[in-house]
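First comes the structure, then the notes that go with it.
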Amino acid sequence: PRLERLRAGGCELRVEALDVTDAAAVQLAFARWRSEMGPIAGVIHCAMVLDDGMILGLTPDKIGRVLGPKIRGMRSLEAATAGDRPQYVVAYSSATTFVGSPGQSAYVVGNAFLEGAVMALRERGIPALAVGWGAISDAGVLARTRGLAERLRMATGVSGVTSAEALQ
């Protein structure tokens, strides 16, 4: 229903599975979309992987799984739109870059990277925004992962807000 309403309002969009860490696949997809629909108006980067653990238990694999979607994903999107003048670039970050989050050091680093990448885009004149989402209790990873919201509240004292409150 949501996609139908957007299309009825004149928005042309596609829903497609794509690994944002695969730079070649991202390049091919953007080229195909340009040929089918015209210039790319903007990009919303909201990929994430969580693989929580204390620093002593981190391995290169665990760190790579978490950082890949944030860092390689952003780099893939930047490369795929290098010849475009997007009207917007939005990256989903997290309030954890300000308050930290026990067991999520790689996730915090990935979000800090996104915020720096957005600042660099803005310096180049590209309208870009990093949204530092807080804990959203009724949608997304907190709603899907049993016990995560309670663990977050116990570890940080942060209680989630509803998605409607976050959007306001």
Work out how far the C-alpha atoms of segment 47-168 reach from end to end along every principal axis, then list the three figures in whole Å, largest first. 45, 38, 22
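How much accessible area per residue does segment 1-56 have, counting only protein heavy atoms and a probe of 1.4 Å, in square angstrom?
Details: 4040 Å² over 56 residues.
I get 72 Å² per residue for segment 1-56.
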Rounded Å value of the spacing that divides the Cα centres of segment 8-33 and segment 75-136: 19 Å
Whole-Hz Karplus couplings 3J(HN,Hα) for segment 98-107, θ = phi - 60° and coefficients 6.51, -1.76, 1.60, Gly and Pro as x, run 9, 10, x, 7, x, x, 10, 4, 5, 4
Could you check the spin-label model distance between residue 156 and residue 143? Points 7 Å from the Cα along Cα→Cβ, value in nm. 1.9 nm
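Of the heavy-atom accessible surface of segment 56-110 (probe 1.4 angstrom), what whole percent is carbon and sulfur? Could you put the intermediate results ahead of the total?
Values: 1670 of 2730 Å².
That fraction is 61 percent.
Give me the accessible area per residue for segment 67-168, probe 1.4 Å, as a whole number in Å².
On the way: 5610 Å² over 102 residues.
Per residue, segment 67-168 has 55 Å² of solvent-accessible surface.
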Tilt of helix 23-37 relative to the longest C-alpha principal axis of the chain, in degrees (0 to 90, nearest 10)? 40 degrees
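The values are calculated or read from the model by the stated rules, or taken from the named source; none is laboratory data. No experiment lies behind these values; they were computed from the predicted model shown. We place every Cβ from the backbone using ideal geometry, glycine too, and count neighbours over all the protein chains shown. To get the accessible areas, we keep the full protein, side chains included, count just its heavy atoms, and leave off ligands, DNA and RNA. Shrake-Rupley method; radii C 1.70, N 1.55, O 1.52, S 1.80 Å.
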